[in-house]
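To start, the structure itself, in structure tokens.
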Amino acid sequence: MTRQRRHREPRDVLPRWKISPVKMLAFLALCSPLLGLIATTTLPDAIAPTNPDLALRLSPNHPKALLVKAEALRAKLLALSKSESADGSTQPKSGTDHNTERLTLRTEIRALAHRAAQHDPLNSRAFLLLAETSDDIAETRALMKAAVARSRRESVAAFWLLNDAFQRGDTEATLANAEILMRSRPELNAYVLGYLGQLGETDDQRKLLVAWLAEPRNQKLRRTILMALPSYVRDAQTPQKIMSELATAGLVPSADELKPYLGLLAQKGHIELAYYTWLKHLGSEGMKRAGNIYNSGFEEDASGLPFDWQIAPPRNATVEIRRREDGQGRALQLRFGAGRLDNLRLSQVMLISPGVYSFAWLYKGDISAKRGLRWQLTCFYPPHDRLLETEMMLGRQTEWSRMEARVTVPDRPNCRAQTLVLVHDARSSSEQLITGEAWFDDLKLSPAPPPPVQ
């Protein structure tokens with residue numbers, strides 16, 4: 001008996017859906033609003049940056065597509081203006097009059113921007129384009145303000161308003177737009193500071209500038225402005241007047257804020273003004289401690305200002321002001337590690353009248369090296385004549401010892417100020433090797449007594 005194979009019909013794994021034409025039409029009718037919304041909003045928004053004309057066919061008043069098209073025309077208008085500036089000619093080119101072409105472009109840009117603003121009233125760029133194509137200054141100003149009101153990152157509009165306010169003498173508006181730019185576009189600070197520097201040159205405008213800087217919300221801006229402003233003023237005394245008025249208002253500039261100004265004054269030859277500004281920064285109590293050498297006993301931390309101790313961080317050494325081991329106040333300690341000492345420089349700028357002086361200091365240390373430490377006094381301005389070079393401090397000196405040298409300060413223009421500096425007197429790489437420590441205290445520079453009469 002043979003077994004017959006049964007033939008199995010293949011079965012559909014998926015169920016069969018039977019949709020009637022009526023239901024399909026109903027479904028499409030329900031989806032048509034959604035499809036229409038996608039076709040007129042989402043799709044135009046996606047293709048507007050690359051194909052604004054197609055986006056406008058789908059949605060004739062799509063703001064993004066309108067502005068993309070307007071921006072393309074604006075770029076063309078700018079290119080036309082640049083070409084005219086380059087050749088200095090306004091004659092017809094390729095059969096087209098430049099003035100007519102420019103007017104046509106401006107008209108088209110304005111029409112596109114107007115439509116964009118109507119359908120997207122919060123779009124700042126639309127108002128900027130309207131402002132740029134306006135021939136009425138009052139209308140332009142109003143449209144620029146509208147652009148900034150909608151977005152503070154419209155830097156072109158904010159900068160236009162800054163310049164406009166400055167030209168009109170509206171100091172408050174100038175400061176308001178300067179603040180917008182400095183907060184939203186700090187990379188433009190170099191341009192803004194030029195305007196603020198000019199505001200500080202007249203008494204009335206400087207009063208408003210100082211009041212603006214003194215506002216608590218502008219604390220960070222004040223630091224940025226005070227540190228950078230000296231490079232953007234025409235009158236070297238302007239920053240000093242601003243800082244002085246801030247100090248009167250209870251906002252004494254910090255050493256970091258003052259340092260760039262003092263450095264710039266010294267660089268430009270105004271060393272006396274720099275010194276006077278520094279003295280005012282010290283206040284009445286600080287002035288009492290000012291002498292030929294400031295902080296000569298190292299009782300205070302170094303501020304880093306030119307007329308106080310400036311300490312360059314050396315390699316393979318530490319330089320710090322700390323309490324003396326015998327408890328007699330504070331002193332300067334240098335500790336040298338293993339290896340080559342590089343970039344040791346402890347300096348202070350001084351204004352010493354011409355004459356003969358006695359330079360004295362306390363020292364102790366234990367230094368092992370081929371070359372030791374020296375004090376040097378040089379003229380501040382080139383050619384930096386060397387006025388003093390002390391004997392090298394080297395070897396073991398366990399007890400505090402008073403050392404002294406004699407120096408003559410000449411009456412020369414380049415020696416109106418002087419620089420006192422402590423250096424490691426190494427002449428080659430092998431002589432940079434140094435170990436041990438050194439202490440300094442109680443520096444004095446006083447008029448030398450006259451030589452005894454023979």
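Let me confirm something: among S401, S446, which residue is in a strand (DSSP E or B), touching a Ser or Thr at 6+ places or on another chain (Cβ under 7 Å) and surrounded by fewer than 14 Cβ atoms within 10 Å (Cβ to Cβ)?
Residue meeting the stated conditions: S446.
Consider A190 carefully, then state whether it is in a helix (DSSP H, G or I), without any contact (Cβ under 8 Å) to a residue 40 or more places away in the chain and either surrounded by fewer than 18 Cβ atoms within 10 Å (Cβ to Cβ) or under 31 Å from the mean Cα position of the chain (by Cα) (or both).
No.
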Here is a check on your reading of the model: is R183 over 30 Å from A266 (Cβ atoms), in the same structural domain as R74 (by TED's automatic domain parsing) and in a loop (DSSP other than H, G, I, E, B)?
no
Being farther than 24 Å from Q348 by Cβ and in a helix (DSSP H, G or I): is that true of K259 here?
no
Within the range 234-251, how many residues turn out to be within 26 Å of D301 (Cα to Cα), assigned to a loop (DSSP other than H, G, I, E, B) and either modelled with pLDDT under 90 or within 20 Å of the chain's Cα centre (by Cα) (or both)?
0
Filter the range 418-437 down to the residues that are farther than 19 Å from L332 by Cβ and among the polar types (S, T, N, Q), then identify the one that is farthest from the chain's Cα centre (by Cα).
S430
If only one of E437, E431 is touching a residue at least 40 places away in the same chain (Cβ under 8 Å) and surrounded by 15 or more Cβ atoms within 10 Å (Cβ to Cβ), which one is it?
E431
For P354, indicate whether it is under 28 Å from C379 (Cβ atoms), surrounded by fewer than 17 Cβ atoms within 10 Å (Cβ to Cβ) and at pLDDT below 90.
no
Looking at the range 263-270, can you tell me whether even one residue there is in contact with a strand residue (DSSP E or B) (Cβ under 6 Å, 6 or more places away or on another chain), surrounded by 14 or more Cβ atoms within 10 Å (Cβ to Cβ) and not charged (D, E, K, R)?
no
Does any residue in the range 313-341 that is surrounded by fewer than 17 Cβ atoms within 10 Å (Cβ to Cβ) come within less than 6 Å, Cβ to Cβ, of a residue that is in a strand (DSSP E or B) and modelled with pLDDT under 90 six or more places away or on a different chain, and which pairs are these?
R315/D342
Restricting the first residue to the range 36-58 and requiring it to be in a helix (DSSP H, G or I) and basic (K, R), which pairs with a second residue that is surrounded by 14 or more Cβ atoms within 10 Å (Cβ to Cβ) and modelled with pLDDT under 80 meet a Cβ separation below 9 Å and a spacing of at least six or different chains?
R57/P44
Any idea which of A290, A247, A312 is hydrophobic (A, V, I, L, M, F, W, C) and touching a Leu at 6+ places or on another chain (Cβ under 7 Å)?
A290
Filter the range 279-312 down to the residues that are assigned to a helix (DSSP H, G or I) and under 17 Å from Q240 (Cβ atoms) and list them by number.
L279, K280, H281, L282, G283, G286, M287
Just give me the residues in the range 305-332 being among the polar types (S, T, N, Q) and over 19 Å from G291 (Cα atoms), in sequence order.
N316, T318, Q328
Report, by residue number, each residue of the range 151-171 that is assigned to a helix (DSSP H, G or I) and either of a type in the set (G, A, S) or in contact with a Pro (Cβ under 6 Å, 6 or more places away or on another chain) (or both).
S155, A157, A158, A165
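Kindly evaluate R406 against the criterion of being in a strand (DSSP E or B), surrounded by fewer than 17 Cβ atoms within 10 Å (Cβ to Cβ) and among the basic types (K, R).
Yes; evaluated as a whole, the condition is true for this residue.
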Scanning the range 53-75 for residues that are farther than 22 Å from T104 by Cα and hydrophobic (A, V, I, L, M, F, W, C), which turns out surrounded by the fewest Cβ atoms within 10 Å (Cβ to Cβ)?
L54
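The values are calculated or read from the model by the stated rules, or taken from the named source; none is laboratory data. As the structure is a computational prediction, the values presented were derived from the model and not from experiment. Note that each Cβ is placed from the backbone with ideal geometry, even for glycine, and that neighbours are counted across all protein chains shown.
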